[in-house]
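Down below is the structure, laid out as structure tokens.
None of the figures in this text is laboratory data; all of them are computed from the coordinates on show. Just so you know, these numbers come straight off a predicted model, no measurement behind them. Here the Cβ positions follow ideal geometry from the backbone for every residue, glycine too, while neighbour counts run over all protein chains shown.
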Amino acid sequence: MKRASDIILALLALPFTLPIILVCVVAIKATSHGPAIFLQTRIGRHEKPFTCYKLRTMFSDTRDAPSHETSASAVTPVGKWLRRFKMDELPQLINIFRGEMSLVGPRPCLPSQVELIAARRAYGIYAIRPGITGRSQVAGIDMSDPKRLAESDAEYLREMSFSTDLRLICETVLGGGRGDRVRT
């Protein structure tokens, strides 16, 4: 049921998000060099790596590292705005259609985040697809605290339901959570 609801909600969101994505792509291309869509390997369901799609918010020469290990100076001026309003996540609808992600679930991490991967493995988090948003993000828990993040993800796994997902989507749209912040 979760997969079907992801597809239906993503299809409903597509007419609204596609024009927003296109405007963001133009803004990114007009203000910084490099591709507008950022591709990054992330860890998905059953610990299978996949390519995650995002709007690029950092300069193209920024090293591949978790956001909390990256300097705020790496974020482009347009990127600051995209991150603040979570617009950079919109291309992940592609990942939903491909079956790699869900609208709601634990945020996918990088293969280099071995401590977080191990903590999530211990809680059985990799039994579900990662999400564009989730309980941890709405609560403001970022990936800089792997143990706390994995515990929060485990709470989501225990309480996971259609109504929980709808609540978390609404909280995200209304500005809940701060996502992964860059170092200041």
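Computed extension gain for residue 37 through residue 112, at 0.36 nm per residue and net of the alpha carbon distance, reaches 24.9 nm. For the range 92-113, the residues whose amide N sits under 20 Å from a probe point set 7 Å from the Cα of residue 7 along the beta carbon direction are 92-105. Extension gain, residue 64 to residue 94: 0.36 nm times the residue separation minus the Cα-Cα distance gives 8.7 nm. In this simple spin-label model, placing a label point 7 Å from the Cα along the Cα-to-Cβ direction at both residue 84 and residue 47 gives a separation of 4.0 nm. Normalised by 2.2 N^0.38 Å, where N counts its residues, the alpha-carbon radius of gyration of the chain equals 0.97. Projected onto their three principal axes, the Cα atoms of the range 35-80 cover extents of 36, 22, 16 Å, largest first.
Kindly work out what percent of the DSSP beta bridges joining two residues of the chain are antiparallel, to the nearest 5. Before the final figure, lay out the partial values.
Numbers: 8 of 11 bridges.
About 75 percent, rounded to the nearest 5.
Each residue, residue 23 and residue 171, gets one label point 7 Å from its Cα in the Cβ direction; the gap between the two is 2.8 nm. The count of lysine pairs in the range 25-184 that are at least 8 places apart or cross chains, and whose C-alpha atoms lie under 23 Å apart, stands at 6. Ignoring aspartates and glutamates fewer than eight residues from residue 2 along the same chain, the ones with Cα atoms less than 20 angstrom from its Cα are 47, 89, 100, 153, 155, 159, 165, 171. Highest mean first, the peptides 57-63, 99-105 sorted by other C-beta atoms within 10 Å per residue fall in the order 99-105, 57-63.
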